[in-house]
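Computed from the coordinates by the stated procedures, all read-outs in this text should not be read as laboratory data. As the structure is a computational prediction, the values presented were derived from the model and not from experiment. Heads up, the Cβs are rebuilt from the backbone with ideal geometry, glycines too, and the neighbour counts pull from every protein chain shown.
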Amino acid sequence: MSDLASTASSIYSQALGVIEQVEPRIAAATRAELRDQRASLKLIASENYASLPVLMTMGTWLSDKYAEGTIGHRFYAGCQNVDTVEAVAAEHARELFGAEYAYAQPHSGIDANLVAYWSILAHRVENPTLERLGAKTVNDLSEEDWEALRATFNAQRVMGMALDAGGHLTHGFRHNISGKMFRQLSYGTHPETGLIDYDKLRADAREFKPLILVAGYSAYPRRVNFAKMRDIADEVGATLFVDMAHFAGLVAGKVFTGEENPIPYADVVATTTHKSLRGPRGGLVLATAEYAPSVDRGCPMVLGGPLGHVMAAKAVALAEARQPAFQAYAQAVADNAKTLAEGLRKRGVDLVTGGTDNHLVLLDVGSFGLTGRQAESALLDAGIVTNRNSVPRDPNGAWYTSGVRIGTPALTSRGFGAAEFDAVAELITGVLRATTPVATAAGTPGKAKYLLADGIAERTRAAAAELLDANPLYPGLEL
Ligand code: DSN
């Protein structure tokens, strides 16, 4: 057993023993989660396994300190250690991504996106209004001017990727506060190629004239050309905001370089830290020096008190991501996604855009006669954890869907390579072929119920166990 595994075994065994004394159900659920994660093929494109040092860093008394405000400028006394933690996390983020400014406080990806939006509104709308009216802060405005400014916020326009093309709810959709804050126009993908249609996007942007052009996705299996996005934003006077929550690890690992690296092109970039970046659950905002003062107002403008223990874990994860091994990991994530896509394609599975050049693959399961929900559930029965997802122009809507999204970051962290991912493609195809939809009482195909052929779940779990046992999660950690 390695020194780290032996230390972690001892720390976690003792800690869970202590927790057990207070609330045994929580100790049991924590142990069960490790068992479940060890025993399943985790293919959710947005999940990963943080390292033991990252996990350990989250369990400390840094959690107990209030530190609203920003480094060196807090609303509470005694924040010197949280200042250090936040400064180290921000320094690693700036160095890793080559960004002018980094803000480590956001608690999640949605929070990071909200900080980004409000900082852009502050920079583009609020600050010029204050200047025009000769006011220092919004408190100096008359009731009338304040109401006028509030109405101006709400009249701003955002253009982002359509949800069924792979965009995220926070890119201006009605089910998210971003859709209530802004008027929104979506850009989709080309009906034949499935790729972003930059010419159409440019033409639509000329008409719509957004304040903010959002680039980024959570279910688009291809790379984005951020130089083209910058050009379009400049042409219409928009701020370019990139949501790289999904692919931050590929940027950090230098798989996305040149025009595929958003940092040199965007004004503001937001990300999560727990997906391909493999850190703790949380968010991060990067910005140019021009936008930095507005981003720095994120707490308390949008965010509650920063989570010192999580910012500390972000610093540890970002330090890990600056090591050469992380570049090898990120390249393997992309290579494995190609292998997985090819393995599925050659076995007859329809893939949106025909393949991938990032970390995710989007299966269209319509040709199996299944909805995404049926496929997701059948795969789960067989120990394969995925999530259903809309495909472009999805006939089954956003709840049942026609797609399943799978990604390689987590299993690549376990050490899976080309042979393992080809075997995973075989297992997925086998389960989809062995699943039949159950008709409703009226005789029409149901969208939720399904039947899995006898024995397939057990056989798939057994085959998966061989792959998983050969690539253990937290090897040597015993509880
Ligand atoms: N939940 C993330 C994902 O799965 O893509 C985005 O919010």
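Taking 0.36 nm per residue of sequence separation and subtracting the Cα-Cα distance, how much length would be gained by fully extending the chain between Lys346 and Glu235, in nm to one decimal?
Numbers: separation 111, 0.36 × 111 = 39.96 nm, distance 4.23 nm.
Length difference between fully extended and current span is 35.7 nm.
Which listed residue (Phe421, Tyr400, Leu452) has the Cα farthest towards the positive end of the charge dipole for the range 337-479, taking +1 on Lys and Arg C-beta and -1 on Asp and Glu C-beta about the Cα centre?
Farthest towards the positive pole: Tyr400.
Can you tell me which of 363-374, 79-90 comes out highest on packing, and rank the rest after it, using the mean Cβ neighbours within 10 Å? All intermediate terms of the calculation are to be shown ahead of the outcome.
Values: 363-374: 22.8, 79-90: 19.9.
Ranking, from highest mean packing down: 363-374, 79-90.
Can you give me the three principal axis dimensions of the chain from its C-alpha atoms, in Å, biggest first?
Cα spread of the chain along its principal axes, largest to smallest: 75, 55, 45 Å.
Quick one: grab the alpha carbon gyration tensor of the range 383-479, order the square roots of its eigenvalues as a ≥ b ≥ c, and give me rounded if a/c is under 1.5, else prolate or oblate depending on whether a/b is larger than b/c. Provide the component values of the computation, followed by the final result.
Values: a/c = 2.60, a/b = 1.79, b/c = 1.45.
Verdict is prolate for the range 383-479.
Using the beta-carbon distance between Trp61 and Trp399 and R0 = 45 Å, what value does 1/(1 + (r/R0)^6) give for FRET efficiency, to the nearest 0.05?
Values: r = 42 Å, r/R0 = 0.94.
Between Trp61 and Trp399 the formula returns 0.60.
On a C-alpha basis, how far is the centre of the range 238-291 from the centre of the range 357-383 in Å? Whole number, if you could?
The distance from the Cα centre of the range 238-291 to that of the range 357-383 comes to 28 Å.
Assign unit charges at the C-beta atoms only (+1 for Lys and Arg, -1 for Asp and Glu), then state the dipole size of the range 359-424 relative to its Cα centre in Debye, rounded to the nearest 20. Walk me through the intermediate numbers first.
Numbers: 5 positive and 6 negative charges, 37 e Å.
Approximately 180 debye in magnitude.
According to the square roots a ≥ b ≥ c of the eigenvalues of the Cα gyration tensor, what is the shape class of the range 1-69, taking rounded for a/c under 1.5, prolate for a/b larger than b/c otherwise, and oblate for the remainder? List each step's numbers first, then the result.
Values: a/c = 1.41, a/b = 1.18, b/c = 1.20.
Rounded, since a/c falls under 1.5.
Please state the shape class of the range 220-373: rounded when a/c is under 1.5, otherwise prolate if a/b exceeds b/c and oblate if not, all from the C-alpha gyration tensor.
Working: a/c = 1.87, a/b = 1.51, b/c = 1.24.
Prolate is the answer for the range 220-373, as a/c is 1.5 or above and a/b outweighs b/c.
Can you order the peptides 243-254, 284-295, 45-56 by their average number of other Cβ atoms within 10 Å per residue, highest first?
Values: 243-254: 26.9, 284-295: 22.0, 45-56: 20.0.
Going by the mean number of other Cβ atoms within 10 Å, highest first, we get 243-254, 284-295, 45-56.
Take peptides 344-357, 121-134 and line them up by average Cβ neighbours within 10 Å, highest first, as a rough protection proxy.
Details: 344-357: 18.0, 121-134: 15.0.
Ranked from most to least packed, the peptides come out as 344-357, 121-134.
Checking understanding here: applying a Kyte-Doolittle mean of at least 0.5 and a length along the axis of at least 24 Å (C-alpha), which whole DSSP H helices in the chain pass? Each step should come with its number before you reach the end.
Details: long enough: 3-22 (29 Å, 0.54); 80-97 (26 Å, -0.17); 324-346 (33 Å, -0.29).
Helices meeting the criterion: 3-22.
Going by Cα centres, the range 173-224 and the range 52-66 are how many Å apart?
38
Given points 7 Å out from each Cα along the Cα-Cβ axis, report the Glu100 to Ala448 separation in nanometres with one decimal.
Placing both labels 7 Å along Cα→Cβ, they lie 5.2 nm apart.
How big is the charge dipole of the range 271-424 about its Cα centre, in debye rounded to the nearest 20, if each Lys and Arg gets +1 on its Cβ and each Asp and Glu gets -1 on its Cβ?
Details: 15 positive and 13 negative charges, 43 e Å.
Taking the Cα centre of the range 271-424 as origin, the dipole is about 200 debye.
About its Cα centre, what dipole magnitude does the chain give when the only charges are +1 on Lys and Arg Cβ and -1 on Asp and Glu Cβ, stated in debye to the nearest 20?
Working: 45 positive and 53 negative charges, 175 e Å.
Dipole size: approximately 840 debye.
Students often get this wrong, so check it: of Lys254/Lys338; Lys200/Lys449; Lys180/Lys200, which have C-alpha atoms separated by over 29 Å? Don't skip to the end; give the middle numbers.
Details: Lys254/Lys338 17 Å; Lys200/Lys449 39 Å; Lys180/Lys200 25 Å.
Beyond 29 Å between Cα atoms: Lys200/Lys449.
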